[in-house]
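Written out below as structure tokens is the structure these notes cover.
The values are calculated or read from the model by the stated rules, or taken from the named source; none is laboratory data. Predicted model, so just to flag it, every value in this text is computed and none were measured. Positions of Cβ are backbone-derived with ideal geometry, glycine not excepted, and every protein chain shown enters the neighbour counts. With ligands, DNA and RNA removed, areas are computed over all heavy atoms of the protein, side chains included. Shrake-Rupley method; radii C 1.70, N 1.55, O 1.52, S 1.80 Å.
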Amino acid sequence: MDVPRSERLSKLPPYLFADLRRKMAAARERGVKVIRIDIGDPDQPTPDPVIDELCRAVADTADPDRHRYGCDRPVAELPRAIRDFYSRRFGVTIGEDQLVTTMGSKDAIVKFCLGVMNPGDIGIAPVPGYPTYNIAHVFAGGETLAAPLLAENDFLVDFDAIPADVRKRAKILWLNYPNNPTAAVAPMEFFERAVEFGRQNNILIAHDSAYSENTYDGYQAPSILQVDGADEVAVEFFSLSKAFNMTGWRVGFVVGNASAVAALNAVKENIDNGSLRAIQMAATKALDSAEQFLPAINAVYQRRRDLVVDTLNSHGFNVAKPKATIYIWAPVPDKYHGDSGAFVAELLDKTGVMVTPGRGYGEAGEGFFRISLSYPDEVLAEALSRIAQMRV
Ligand SMILES: Cc1ncc(COP(=O)(O)O)c(C=O)c1O
């Protein structure tokens, strides 16, 4: 039986990286040693004390609930640790009804849209941007309108450029700073403006802060919830994935507007049964010890950032050093006339190095390519020496 796919799936944009995957396979067949520096998935290990806590909790025969549904027997310490973390890190108080733990942000973004959007609703998403915002809108029966992130606006959403008819119809606006893929950061005034925009237009502001803890040179990324009254219109998605090298663990949380949090919780109650208690305990350990773990993790990314940017610039590229995220967003060399697909394909073909074309994050990402810092120094160094052969 050939099962036809749902209309929902057919509405998703084509997978832009499929062609590059084919090209990678062809290069390997030709005997080229392909080096990938394109995916954002931390190579550094999860901190030992977090792993120890998971092992302890999962082996704890004194806890009769250790193997049972995490939603019915939640670890009370985790919401406590989340509140403490937000209070220490941002000076923000999270109310009892303003918090829900998640199985990571990707999952939560989709469930959130199922909880707050109706068919025909509009969501505004940054482009270039993380594709899941649009995917979530489509799964909820809605549509996406793009808010272009332009270099001349420091890759910040230009609220004034969002047309009046879009403001009227939009239910939700996604923001993501520090930003994937542009590595841009947003000042506090930007979040103040965002909250005002949400209030004026009755639009829910959903801030995805997946990279808020990956910061360098002493920079600290703000939370949108630091804005007075932000919880009237905003929620923030936090993930332990990139901060604590825990992508595979699937754990995060959403905080902010109580009714939006309740909508997400209602979807989760109907779809998932929460995380294993041992994962909740290990996440508690990570958040409670954030100040101990984060500097060492970020020192490695900062070193790699300097290696990548300095080397690229010494070979004729023109790349700024980002203050945050695990990405370098670089303009493609002039001779490709802004065609990121052509540059990436030729780079792969000639050198075996795989970076991500900016176009993969939407039309407004054209002209750039993305390198991920989540690879060992020697892999990055080898990739850079091959890139240098391209003689831009
Ligand atoms: C902007 C952004 N948001 C969310 C996520 C998903 O993170 P999680 O592992 O929590 O699902 C990613 C992962 O790459 C991301 O780049």
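Here is a list: Ala364, Ala383, Ala330, Ala324. Which entry is under 25 Å from the mean Cα position of the chain (by Cα) and open to solvent by 20 Å² or more (accessible area, probe 1.4 Å)?
When all the criteria are applied, what remains is Ala364.
Please find, among Asp165, Asp160, the residue that is at pLDDT below 95 and open to solvent by 60 Å² or more (accessible area, probe 1.4 Å).
Asp165
With Pro126, Pro79 as the choices, which residue is assigned to a strand (DSSP E or B) and either crowded, with 24+ Cβ neighbours inside 10 Å or out of contact with any helix residue (DSSP H, G or I) (no Cβ under 8 Å at 6 or more places or on another chain) (or both)?
Pro126
On the given criteria, is Val355 touching a strand residue (DSSP E or B) at 6+ places or on another chain (Cβ under 7 Å), aliphatic (A, V, I, L, M) and under 17 Å from Asn180 (Cβ atoms)?
In short, yes.
Do we have any residue at all in the stretch 274-281 that's more than 17 Å from the chain's Cα centre (by Cα), within 18 Å of Ile94 (Cβ to Cβ) and open to solvent by 10 Å² or more (accessible area, probe 1.4 Å)?
Yes, there is a match, as at least one residue in the stretch 274-281 is more than 17 Å from the chain's Cα centre (by Cα), within 18 Å of Ile94 (Cβ to Cβ) and open to solvent by 10 Å² or more (accessible area, probe 1.4 Å).
Which condition does Asp43 not pass, out of (1) of a type outside the set (Lys, Arg); (2) part of a helix (DSSP H, G or I); (3) within 16 Å of the ligand (Cβ to nearest atom), if it passes all the others?
Failed condition: (2).
Could you pull out the residue among Asp60, Asp84 that is surrounded by 13 or more Cβ atoms within 10 Å (Cβ to Cβ), under 20 Å from Val235 (Cβ atoms) and of a type in the set (D, E, K, R)?
Asp84
Kindly indicate the residue of the stretch 183-216 that is of a type in the set (Val, Ile, Thr) and touching a Gly at 6+ places or on another chain (Cβ under 8 Å) and also nearest to Pro126 (Cα to Cα) among those meeting that condition.
Filtering first and then ranking leaves Ile205.
Go through the stretch 87-108 and give me each residue that's outside any helix (DSSP H, G or I) and more than 17 Å from the chain's Cα centre (by Cα).
Gly91, Val92, Thr93, Ile94, Gly95, Glu96, Asp97, Gln98, Leu99, Val100
Do we find that Tyr336 is surrounded by 24 or more Cβ atoms within 10 Å (Cβ to Cβ) and hydroxyl-bearing (Ser, Thr, Tyr) in this structure?
no
Looking at Ala286, is it among the hydrophobic types (A, V, I, L, M, F, W, C), in contact with a strand residue (DSSP E or B) (Cβ under 8 Å, 6 or more places away or on another chain) and assigned to a helix (DSSP H, G or I)?
Considered against the rule, which asks whether it is among the hydrophobic types (A, V, I, L, M, F, W, C), in contact with a strand residue (DSSP E or B) (Cβ under 8 Å, 6 or more places away or on another chain) and assigned to a helix (DSSP H, G or I), Ala286 comes out as no.
May I ask you to list the residues in the stretch 2-29 that are charged (D, E, K, R), within 16 Å of Leu347 (Cβ to Cβ) and free of Cβ contacts under 8 Å to residues at least 60 places away in the same chain?
Listed by number, the residues that qualify are Asp19, Arg21, Arg22, Arg28.
Being more than 10 Å from the ligand (Cβ to nearest atom) and among the aliphatic types (A, V, I, L, M) is the filter; apply it to the stretch 98-109 and report the residue that is most open to solvent (accessible area, probe 1.4 Å).
Restricting to residues being more than 10 Å from the ligand (Cβ to nearest atom) and among the aliphatic types (A, V, I, L, M), the top hit is Leu99.
Only one of Gly256, Gly229 is surrounded by 23 or more Cβ atoms within 10 Å (Cβ to Cβ) and more than 14 Å from the ligand (Cβ to nearest atom). Can you tell me which?
Matching residue, one of Gly256, Gly229: Gly256.
Can you tell me how many residues within the stretch 129-150 are more than 10 Å from the ligand (Cβ to nearest atom), part of a helix (DSSP H, G or I) and out of contact with any Pro (no Cβ under 8 Å at 6 or more places or on another chain)?
Total meeting the criteria: 5.
Among the β-branched types (Val, Ile, Thr) and more than 20 Å from Pro49 (Cβ to Cβ): which single residue out of Val251, Val319, Val300 fits that description?
Step by step, each of Val251, Val319, Val300 is checked, and only Val319 is among the β-branched types (Val, Ile, Thr) and more than 20 Å from Pro49 (Cβ to Cβ).
Condition (residue is open to solvent by 10 Å² or more (accessible area, probe 1.4 Å), within 16 Å of the ligand (Cβ to nearest atom) and not in a strand (DSSP E or B)) applied to the stretch 185-203: is it met by at least one residue?
Yes, there is a match, as at least one residue in the stretch 185-203 is open to solvent by 10 Å² or more (accessible area, probe 1.4 Å), within 16 Å of the ligand (Cβ to nearest atom) and not in a strand (DSSP E or B).
Within the stretch 235-247, can you find the residues that are within 9 Å of the ligand (Cβ to nearest atom), in a helix (DSSP H, G or I) and not hydroxyl-bearing (Ser, Thr, Tyr)?
If the condition is that a residue be within 9 Å of the ligand (Cβ to nearest atom), in a helix (DSSP H, G or I) and not hydroxyl-bearing (Ser, Thr, Tyr), then Leu240, Lys242 are the ones that fit.
Name every residue in the stretch 25-40 that is more than 16 Å from the ligand (Cβ to nearest atom) and under 25 Å from the mean Cα position of the chain (by Cα), in order of residue number.
The one that is more than 16 Å from the ligand (Cβ to nearest atom) and under 25 Å from the mean Cα position of the chain (by Cα): Ile35.
Step by step: first the residues of the stretch 15-40, then only those that are open to solvent by 50 Å² or more (accessible area, probe 1.4 Å) and more than 19 Å from Tyr375 (Cβ to Cβ), then the one that is modelled with the lowest pLDDT. Which residue is that?
Here the residue is Leu16.
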